[in-house]
Amino acid sequence: MGTSLKTNLIEETYEVLDAIDRKDNADLCGELGDVLLQVVFHAQLAKEEGAFDINDVIDSTSDKMINRHPHVFGDEVAGTADEVLSNWERIKQQEGAKPKPVMQMNDNLPALMLARKLMDKAGRVGITMPQCEKMTAEELGAALFELVLVGKANGIDAEDALRAYTKKMIERFVTKEYELKEKELQFADMSEEEMSALWQKEV
């Protein structure tokens, strides 16, 4: 599929987010319709190529939700939201002919979103986070703004720099995951020193 189609889908998605932020339900309704149109359009193109159709998309999503929520559709018990997310990751890794590393993820996300997703997933698989100082949202925003200024002054795009570093971290986590699997271990079995080393700038 062409780049223009991908761009349209991204733009329509951001229009939805804008409507949500503005709490404009009437606009949100229309923007969701635009995203739905993109889904139908992409499914139609796939149908014309003999790949799949919109019914396959719906069936796939339905099967995924049922399979990954055994606490709702099966007999499994999940007492907390964290347990639900952990089960989701575990079941996801069991799907498909060749399970992917749990720390592997789509690195085309916006850089800040990708970094946050990496940290969220790390926490769910038992990797402890480094200690950080407390900040308010405004202080954090100011710090990020300052970093963007530093990047601009040095000819560095902050978005590209953060994505590149986060991708490097993802590769580090995936490599460690393979090492642990060879020893029949998991991230939760790592020592505090090993946990700390994973987050270091240079290992």
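Quick rundown of the values:
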| quantity | calculated |
| --- | --- |
| Listed residues Asn108, Asn55, Asn25, most fluctuating in the chain (Gaussian network, C-alpha, under 10 Å) | Asn25 |
| Computed label-point distance, nm, for sites Val39 and Lys167 using a 7 Å Cα→Cβ extension | 2.9 nm |
| Among Asp21, Asp53, Asp75: highest mean-square fluctuation, GNM of the chain, C-alpha pairs under 10 Å | Asp21 |
| Proximal lysines relative to Lys64, as straight alpha-carbon distance under 16 Å, when same-chain residues fewer than 8 apart are discounted | Lys92 |
| Normalised per residue, the volume of the convex hull around the Cα set of segment 102-203 (Å³) | 111 Å³ |
| Where labels lie 7 Å past Cα in the beta-carbon direction, separation of Ala143 and Phe73 in nm | 4.1 nm |
| Charge-dipole axis of the chain as Lys and Arg at +1 and Asp and Glu at -1 on Cβ define it, positive-most pick from His69, Leu118, Leu180 | Leu180 |
| Helical segments meeting 15 Å axial Cα length and Kyte-Doolittle 1.0 threshold in the chain (DSSP H) | 137-153 |
| FRET efficiency, Lys181 to Ser62 (Cβ-Cβ, R0 25 Å, nearest 0.05) | 0.20 |
| Whether the chain is rounded, prolate or oblate, judged on the alpha carbon gyration tensor where a/c under 1.5 counts as rounded | oblate |
| Reachable aspartates and glutamates, given that their alpha-carbon falls under 18 Å from the alpha-carbon of Lys47 and they are not under 8 places away in the same chain | Asp56, Asp59 |
| Reference-scaled alpha-carbon Rg (2.2 N^0.38 Å with N residues) for segment 1-78 | 1.40 |
| For the chain, with +1 on Lys and Arg beta carbons and -1 on Asp and Glu, the positive-most of Met135, Asn106, Ala164 along the dipole | Ala164 |
| Within the chain, helix-based [θ] at 222 nm, where runs of 4 or more DSSP H residues each add -39,500 (n - 2.57), nearest 500 | -22500 deg cm²/dmol |
| Computed magnitude of the charge dipole of segment 117-160 (debye, nearest 20; Cβ of K, R +1, Cβ of D, E -1) | 280 debye |
| Unit charges on C-beta of K, R, D, E only; dipole of segment 102-203, Debye | 260 debye |
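All of the numbers you see were taken from the coordinates with simple rules; none came from a lab. This is a predicted model, so every value here is computed, not measured. Glycine gets a Cβ as well: all are built from the backbone with ideal geometry, and neighbour counts include every protein chain shown.
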